[in-house]
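The values are calculated or read from the model by the stated rules, or taken from the named source; none is laboratory data. Only a predicted model underlies this, so the values are computations on that prediction, with no experimental measurement involved. Every residue, glycine among them, receives a Cβ derived from its backbone with ideal geometry; neighbour counts consider all protein chains shown. Accessible surface is based on the protein model in full, side chains and every heavy atom, while ligands, DNA and RNA are left aside. Shrake-Rupley method; radii C 1.70, N 1.55, O 1.52, S 1.80 Å.
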Number of protein chains: 2
Amino acid sequence: MFTLAIHGGAGTLLRSAMTPEKEAAYLQALNDALDAGFQLLKKGGNALDAVQAAVITMEDSPLFNAGKGSVFTHTGMHEMDASIMDGRNRAAGAVAGVERVKNPVELARAIMEKTGHVMLSGTGALEFAKKAGLKLEDYDYFFNQLRYDQWTQVRNEDEFALDHNIQITEKKFGTVGAVALDRHGDLAAATSTGGMTNKRYGRVGDSPLIGCGTWADNSTCAISCTGHGEVFIRAVAAYDVHCLMEYKNMSLQQAMEEVTLRKLVAMNGEGGMIGVDASGNAALVFNSEGMYRGWRNEKGEEVAIYK
Amino acid sequence: MFTLAIHGGAGTLLRSAMTPEKEAAYLQALNDALDAGFQLLKKGGNALDAVQAAVITMEDSPLFNAGKGSVFTHTGMHEMDASIMDGRNRAAGAVAGVERVKNPVELARAIMEKTGHVMLSGTGALEFAKKAGLKLEDYDYFFNQLRYDQWTQVRNEDEFALDHNIQITEKKFGTVGAVALDRHGDLAAATSTGGMTNKRYGRVGDSPLIGCGTWADNSTCAISCTGHGEVFIRAVAAYDVHCLMEYKNMSLQQAMEEVTLRKLVAMNGEGGMIGVDASGNAALVFNSEGMYRGWRNEKGEEVAIYK
């Protein structure tokens, strides 16, 4: 059995703003990402490569808030976060607030494999990316008219009205992620994001935080989250799913519902998560209006946006 | 019942390098930190203020790797991390890689209370610190001959020998932290560090990561960790204690021993942690040669360094 599941963020366009053309483009992009990862799994490739390939496909699409489609920070830049985790040994890599890197998930992978560290940040992370030979892009690569327009709507907000800004952009939090089980029985997870529109002060959300936005352990599950990052951090959302499975013997679906539909809702934490367990079951759970998502294995597949 | 526990890092001087004079100075500094927090608890103050006061005392001492005593990064600077968490509502604040701030734990508190975010990083965090009116210091304030000498021993290592550097400085990882239960039955935790000697690339350890280095929830416990940060991240060490208590009904002591003496040891994660539960029991557990530590409540007190 091998399984791949992906998400392109719980911060979907409101149903009222979706057109048939836009919907078709999103569904196509999700299918492309599933194809990229699934082909590797089918050939016996490992879960780590599969989640990376799926995430890269979404990072390279302008439709999702990650890589090329990243939103604008308060200063008009693009600061990206990503993480990856290997279920075989809990090896993990993460990067916060990095600019210019074309595929932040590749940087997270390089950090995991080449540094002895788990997490690098900011200009130091960019310095390491250069040393590791990762592909960099210039400002123009990340420019996107839709994201720019979103940003100009909020960038002149009173600088102390940070909470207010979050409210305005709340439905726009976007993230991409993938989880996989490969033919060898190994799990992996990866998450990547451009963060929050008009982000300031080097804010870090849950996406690059191991245990919060990303988790993988062969004994339980692989998880990638998307949503209101601050609440996912305070809930240690991804690792909580692991603990409910390990300590309470819940199934993946039960544990993800407990965290997403009960605990996160009680903390006003809008969003969702995708997961795969060691038997290849996929689960995709969200408490928001929609979540760009898809899964595929030998038994079937699904790609969807709304409930 | 009210209880305070503190640590000044599991990266103690090796017993062979300790002198009676140095030992007396460390024990005095630990007592000073206990005094600062305990006086507040005695007067009915809240746990959050108590852990902050204890951590500030240690940040202001040159003996510990946090605040004034922070180690040197690869470029000869001081980049500090800190976090704080309120057990009443799981509110949390954290900062990674901030320079010049005299008391990073105060910055973590300000992030928790004033931004709507949990975690800020780098130059953005410094920008917010200025806006929040926190006290900044110049380079000279953080200069310390011992730390400088430690750094000069390793700064010229081959730039790719990152792992080797870590080995050399492994016994020097230092962190300070405090956990408390107040008279109102509320728990809080705080952690602060100057990071790793010769640190590069904006490396982030476990100290500013909620669930890894710091945790507080009135339903279970308050935890502050110290040790080989990368492993504590991959173990989600602090939140795992919470889960073992909540899901497996372990006591604080049992849960901390399970994580520190079994799980972390299996992952080669040297270090320790301190905790207080909702009944005011303190636990101080480490798998390293020593951990600067102390606790105090109405029943007793202890200050110690080695096993």
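Explain nothing, just compute: Karplus ³J(HN,Hα) = 6.51 cos²θ - 1.76 cosθ + 1.60, θ = phi - 60°, for every residue of the stretch A:242-256 in order, whole Hz, x for Gly and Pro.
Each residue of the stretch A:242-256 in turn: 4, 5, 5, 6, 6, 9, 10, 6, 6, 6, 4, 4, 4, 5, 5 Hz.
For B:Met18 and B:Thr152, FRET efficiency with R0 = 22 Å and r from the beta-carbon atoms, rounded to 0.05?
0.50
Kirkwood Rh, Cα Rg: Rg to Rh for the stretch A:2-68?
1.02
On average over all directions, what projected area in square nanometres does the protein assembly as shown have, based on the convex hull of its Cα atoms?
Projected area, direction-averaged: 24.7 nm².
What does the structure give for A:210-217 when I average, per residue, the other chain Cβ atoms found within 10 Å of the residue Cβ?
Working: counts 9, 12, 8, 0, 0, 1, 0, 1.
For peptide A:210-217, the averaged partner shielding equals 4.
Where nothing but the Cβ of Lys and Arg (+1) and of Asp and Glu (-1) is charged, how large is the charge dipole of the protein assembly as shown around its Cα centre, in debye to the nearest 20?
That gives a dipole near 180 debye.
Under a straight-distance cross-link criterion of Cα-Cα below 16 Å, which lysines are reachable from B:Lys130, leaving out those fewer than 8 residues away in the same chain?
Cross-link targets: B:Lys102, B:Lys114.
Do any cysteines in chain B lack another Cys Cβ under 4.7 Å, and if so which?
Cys with no partner Cβ under 4.7 Å: B:Cys212, B:Cys221, B:Cys225.
Starting from the Cα coordinates of the stretch B:3-306, work out the convex hull volume and express it per residue in Å³. Walk me through the intermediate numbers first.
Values: hull volume 35.4 nm³, N = 304.
Taking the convex hull of the Cα positions in the stretch B:3-306, it is 116 Å³ per residue.
Quick one: if you stick a label point 7 Å off each Cα along the C-beta vector at A:Gln28 and B:Tyr306, how many nm between them?
7.1 nm
Compactness ratio of the stretch B:41-87: Cα Rg over 2.2 N^0.38 Å, N = residue count?
Taking the Cα Rg and dividing by 2.2 N^0.38 Å, one obtains 1.41.
Considering only protein heavy atoms and a 1.4 Å probe, what is the carbon-and-sulfur percentage of the accessible area of chain B?
47 percent
With a 1.4 Å probe and all protein chains kept in place, how do B:Lys22, A:Lys130 rank by accessible area, largest first?
A:Lys130, B:Lys22
For a 28 Å ceiling on Cα separation, which of these pairs sit above it: A:Lys263/B:Lys263; A:Lys42/A:Lys263; A:Lys135/A:Lys199; A:Lys42/A:Lys248?
Over 28 Å apart, Cα to Cα: A:Lys42/A:Lys263; A:Lys42/A:Lys248.
Run through the other copies and list how far each one's label point is from that of A:Tyr141, in nm with one decimal, shortest first; the point sits 7 Å from Cα along Cα-Cβ.
Label-point distances to the other copies, shortest first: 3.9 nm.
So what are the three principal axis dimensions of the stretch A:220-307 from its Cα atoms, in whole Å, longest to shortest?
36, 31, 15
Taking θ as phi - 60°, what are the ³J(HN,Hα) couplings along the stretch A:264-273 by the Karplus curve (6.51, -1.76, 1.60), each to the nearest whole Hz, with x for Gly and Pro?
After applying 6.51 cos²θ - 1.76 cosθ + 1.60, I find 5, 4, 5, 9, 6, x, 7, x, x, 7 Hz.
Summing -39500 (n - 2.57) over the DSSP H runs of n ≥ 4 in the protein assembly as shown and dividing by its residue number, what mean residue ellipticity at 222 nm do you reach, to the nearest 500 deg cm²/dmol?
-10000 deg cm²/dmol
What lysines does B:Lys43 reach when the alpha-carbon gap must be under 23 Å and sequence neighbours fewer than 8 apart in one chain are set aside?
Straight-distance partners of B:Lys43: B:Lys299.
What are the label-to-label distances in nm, one decimal and shortest first, from B:Arg155 to the same spot in the other copies, with labels 7 Å along Cα to Cβ?
Counterpart label points of B:Arg155 in the remaining copies fall at 3.9 nm.
Please work out how much accessible surface B:Thr19 shows to a 1.4 Å probe, ignoring ligands, DNA and RNA, in Å² rounded to 10.
Approximately 50 Å² for this residue.
Mind putting a number on the dipole of the stretch A:3-306 about its Cα centre? Charges go on the C-beta only, +1 for Lys and Arg and -1 for Asp and Glu, and I need it in Debye to the nearest 20.
The dipole magnitude comes to about 320 debye.
Measuring nothing but label to label, 7 Å from Cα along Cα→Cβ, what are B:Asp49's distances to the other copies in nm, shortest first?
6.0
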